[in-house]
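Following: one structure in structure tokens, then a few remarks.
Just so you know, all these numbers are worked out from the coordinates, no wet-lab data involved. Keep in mind it's a predicted model, so treat the numbers as computed, not measured. Note: ideal-geometry Cβ built from the backbone for every residue, glycine included; neighbour counts use all protein chains shown.
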There are 2 protein chains.
Amino acid sequence: MNAQSATRKTFRREGEDKRREDLIAATLECVAERGLAGATVREIAQRADVTPGLIRYYFPTKDDLIGAAYRAVMNRMTVQASDALQNAADDPRSRLQAFVTANLGEPIMDPHNLSLWAGFIALVHADPAMASAHHDGYLGFRDELEILIREALRAAGKPAEHNHTRRHAIAINAIIDGLWLEGCLAGDIFDDGELAETGVAAIEAVLGISLQAEGGAQ
Amino acid sequence: MNAQSATRKTFRREGEDKRREDLIAATLECVAERGLAGATVREIAQRADVTPGLIRYYFPTKDDLIGAAYRAVMNRMTVQASDALQNAADDPRSRLQAFVTANLGEPIMDPHNLSLWAGFIALVHADPAMASAHHDGYLGFRDELEILIREALRAAGKPAEHNHTRRHAIAINAIIDGLWLEGCLAGDIFDDGELAETGVAAIEAVLGISLQAEGGAQ
DNA sequence: GCTCTAATTATGCAAGCGTATAAATACTCC
DNA sequence: GGAGTATTTATACGCTTGCATAATTAGAGC
């Protein structure tokens, strides 16, 4: 009935921010489902309901889009962990516990996040720009952790000099990362909350304090 | 003088084992240098001084070659860690310490290994075959670790029931993985041996024992 | 030294990739 | 409501990729 051939796709103009977010979200979907190799320009565009050319309008090159997506993932995880702190009790030990538990449970401990993370990490060695992006993210996370550790130690009446807390931050960061990895890779072989419990117990042992606020909680 | 155009490449026939090893080694070089994306059939072939067609003669598909390379990396790291045990003292605590130290030093803690590992891990989620390959490797590592832990606890006169050692193995595995990660990603911001020391100290705290053999060693 | 075969090379193809660029269109402002 | 512009689509190009297949050749066995 309609004799006109191949009608042109209709579209709406969106704000720059919205479009960038959508494209990044579409990229993350692709990576999560089919790995970094599955995140082609065409696939991303289709997922964002947009034609491939538009990607280049917002991101000069595909690598720029990938880099932006990486930063978005890391930022999202950081924000989610920080959110857990907002709702935590006042006692520094409880706060450290909440931080650890948040990082070792949904939605942060998720296979999708691992796929994304690993895909990007594999590029770090080859791409200097991505290397520095990662470097910053790592130190930021460890610094935040070190502050929590220092305050928890003080609350427990323990010394908290920097050379101690630095070492502790390195070790505890490793515990969190390692358990996160285990959980993402094979969450099905662990009981619910087992990894968070294990992590808290290990951290208590390393610090030599209990993370349960003493003298009864609220 | 020589009018024949484009002389054909001369070659030697090699044994099947040698060729497979060479191709895997070439694959690992490519991945290490330029990431998984840089490991193209042509590049691998060139690095192995062979024409691309030969790869298909030994590996039905490129994914098979990649999978074989992954298993080779994991196997190599496992062997290197086990070697350290051969040269360790008899005391189980020393052996555990040697195991940890070996995993957190050269040549296991190397950025190249991380790139390889991460590149493969990113595929785990999408490729079931690779998922099972990884699953086996992970459990193998953790089982070996659990044995070392049990014997170290016994040597220190501590209880070592399975439900305890399982938890300890999970936590200590995380410590090793996490520190390995940190070291591979940013080895330059740590002193020599700092991560191994940190790891041993953290593990001692978790187990509640010293890993230095008591009563003076040889 | 000839023969036979398995190992290796050479060539080519179809598909998918990232990117460039020109044409079309939705929205803004007057 | 008409003109102008920033956004979006459409199209195409040049490359690279993995894979197939036919032609060659090194080396083993007699």
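The figures follow:
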| quantity | calculated |
| --- | --- |
| The stretch B:51-82-the stretch A:35-77 distance, computed between alpha-carbon centres (Å) | 31 |
| Under the span-like rule (Cα at least 24 Å along the axis, Kyte-Doolittle mean at least -0.5), DSSP H helices of chain B | B:62-86, B:128-155, B:162-186 |
| Relative contact order (%) - criterion: Cα under 8 Å, at least six apart; region: chain B | 21 |
| Cα gyration tensor shape of the protein assembly as shown, rounded if a/c is under 1.5, else prolate or oblate by comparing a/b with b/c | oblate |
| Hull-based mean projected area of the stretch B:89-130, where the convex hull spans the alpha carbons, in square nanometres | 4.3 |
| Whole-angstrom Cα spans of chain A along principal axes, big to small | 81, 38, 34 |
| Once exposed loop trypsin sites (Lys or Arg not before Pro) are cut out (DSSP; at most 11 other Cβ, 10 Å), longest piece of chain B | B:14-218 |
| Mean ellipticity per residue at 222 nm, deg cm²/dmol - from DSSP H runs of n ≥ 4 across chain B, formula -39500 (n - 2.57) | -23000 deg cm²/dmol |
| Taking N as its residue count, the alpha carbon Rg of the stretch A:76-171 over 2.2 N^0.38 Å | 1.21 |
| Expected-Rg normalisation [2.2 N^0.38 Å, Cα atoms] applied to the stretch A:60-107 | 1.52 |
